[in-house]
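J.: Sharing a structure below in structure tokens format, with a few things to ask.
The values are calculated or read from the model by the stated rules, or taken from the named source; none is laboratory data. Everything quoted here is computed from the prediction, not taken from an experiment. No Cβ is skipped: glycine too gets one built from the backbone with ideal geometry, and neighbour counts run over all protein chains shown.
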Amino acid sequence: MSHSERMSPVDTAWLRMDRPNNLMMITGVMALAGPVDVKRLETALGERMLAHRRFRQRAVTTPAGAFWVDDRDFNVARHIQRVRLPGRGGEKALQSYVAQLASEPLDHNHPLWQTRIVEKYEGGVAIISRIHHAMADGIALMKVLLGLADDGEDARPAAHGHHHDEGWLSSLMAPLAGAADMSLKLTQGAMREALSLATNPMRAAKLLKTGAGVAGELAWLLAMPSDSETRFKGKPHGTKRVAWTRPLRLNEVKAASWALDCSINDILLACVAGALRAYLEGKGDESEGVELRALVPINLRPPGAEHELGNRFGIIGVELPVGFADPLERLDEVRRRMRKLKNSYEPPVTLGLFGALGSRPS
């Protein structure tokens, strides 16, 4: 029997924001060292992802709102497929292929996700996942990812009763288990407001009319001052470029954060600011005094809701101190700005705003 459920206002907003030149899609890549039994991997991915009903449902928009509806024509082979890269199929070829996929919209006639298993990639395989943001946010998808491991969170029996003695997926997930819960710690007052707005998103729209309190945060968010003019400004055109760096060990980053009395997020944002500065200088542009705003997602899931799909996060606008040349001074400035934001109602208000937008008639 076909099943349907109303899409939450926040998830509806993410569905409506999808544009050909700016897709609301999360794209991820994992590389697994060989040898890998590809058939076994393919079967396990299908069984464990489809344990979540949402991966069998398509998004349907009606005059009465948006709904998740079971896909009567669901075929897992449409969503999980094996591919091979051209030529020697190295890292550059994989990056080009991921960029191509990231530029292509998902098929709205079927569930909004797709997984490609790249065979014979550097002696192992690469897994490319594309999931529409309306289905879930990063924290929820991280829990889905951890659930794929035999001995990870939400572990399920391996396909056909086999056991993965190699532990290839669980070892990959180990550092992610801690990273999944990293977020800015808001004050108790801001978190209470977040939970209130998450359950009653229309409050955000009503607060626009009050001219005080939380509405001040929302008014600032909607009319943020422009940051520095740089070559990074422009309009999205839909074509993506994809690149990544060598991995960093999470325990080493944690050790640095303890030694420098800052959070892992502080280090990440300071590194991003430094990379942007280096890029500008490499192009011969002025970097002194440059400020670039980054919209940083903040986890607002209440306790006990970590395993629910959907979107439960707010956004804060952080001005990155690109103009700071000294790395430690740059980190100190990031830390100062982030600590100031811990008292902000900006994250819960943006969550409420998404809900208000999703509640409006399309």
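J.: Scan region 292-302 and tell me whether some residue there is free of Cβ contacts under 8 Å to residues at least 40 places away in the same chain, assigned to a strand (DSSP E or B) and assigned by TED's automatic domain parsing to the domain that holds residue 231.
T.: Yes: one or more hits.
J.: What's the number of the only condition in (1) in a loop (DSSP other than H, G, I, E, B); (2) under 22 Å from the mean Cα position of the chain (by Cα) that residue 35 fails to meet?
T.: Unmet for residue 35, out of (1) in a loop (DSSP other than H, G, I, E, B); (2) under 22 Å from the mean Cα position of the chain (by Cα): (2).
J.: Of all residues in region 15-32, which are part of a helix (DSSP H, G or I) and surrounded by 19 or more Cβ atoms within 10 Å (Cβ to Cβ)?
T.: Kept after step one, since they are part of a helix (DSSP H, G or I), are these residues of region 15-32: 15-16.
Answer for region 15-32, where residues must be part of a helix (DSSP H, G or I) and surrounded by 19 or more Cβ atoms within 10 Å (Cβ to Cβ): just 15.
J.: Given the residues 44, 102, 93, 66, which is the only one that is within 30 Å of residue 234 (Cβ to Cβ), over 19 Å from the mean Cα position of the chain (by Cα) and among the small types (Gly, Ala, Ser)?
T.: 93
J.: Among the candidates 280, 328, 276, single out the residue that is surrounded by fewer than 17 Cβ atoms within 10 Å (Cβ to Cβ), in a helix (DSSP H, G or I) and not charged (D, E, K, R).
T.: Testing whether each residue is surrounded by fewer than 17 Cβ atoms within 10 Å (Cβ to Cβ), in a helix (DSSP H, G or I) and not charged (D, E, K, R) leaves just 328.
J.: Output the qualifying pairs, or none if there are none: Cβ atoms under 9 angstrom, residues six or more apart or on different chains, first residue in region 15-43 and outside the structural domain of residue 78 (by TED's automatic domain parsing), second residue part of a loop (DSSP other than H, G, I, E, B) and not charged (D, E, K, R).
T.: none
J.: Separate question: Which of (1) at positive phi; (2) of a type outside the set (Phe, Trp, Tyr); (3) buried (at least 19 other Cβ atoms within 10 Å of the Cβ) does residue 65 not meet, given it meets every other one?
T.: Going through the list (1) at positive phi; (2) of a type outside the set (Phe, Trp, Tyr); (3) buried (at least 19 other Cβ atoms within 10 Å of the Cβ), residue 65 breaks only (3).
J.: Could you tell me how many of the residues in region 236-267 are among the aliphatic types (A, V, I, L, M) and either outside any helix (DSSP H, G or I) or closer than 25 Å to residue 17 by Cβ (or both)?
T.: Taking region 236-267 as the starting set, the residues that turn out to be among the aliphatic types (A, V, I, L, M) are 242-243, 248, 250, 253, 255-256, 259-260, 264, 267.
Within this subset, residues satisfying the condition of being either outside any helix (DSSP H, G or I) or closer than 25 Å to residue 17 by Cβ (or both) are 242-243, 248, 260.
The qualifying residues number 4.
J.: Now a separate question. State the number of residues belonging to region 69-90 that are more than 22 Å from the chain's Cα centre (by Cα) and either among the hydroxyl-bearing types (Ser, Thr, Tyr) or in a helix (DSSP H, G or I) (or both).
T.: Number of matching residues: 3.
J.: Against the definition (over 20 Å from the mean Cα position of the chain (by Cα) and over 29 Å from residue 137 (Cβ atoms)), how does residue 257 come out, yes or no?
T.: Taking the combined requirement at face value, the residue does not satisfy it.
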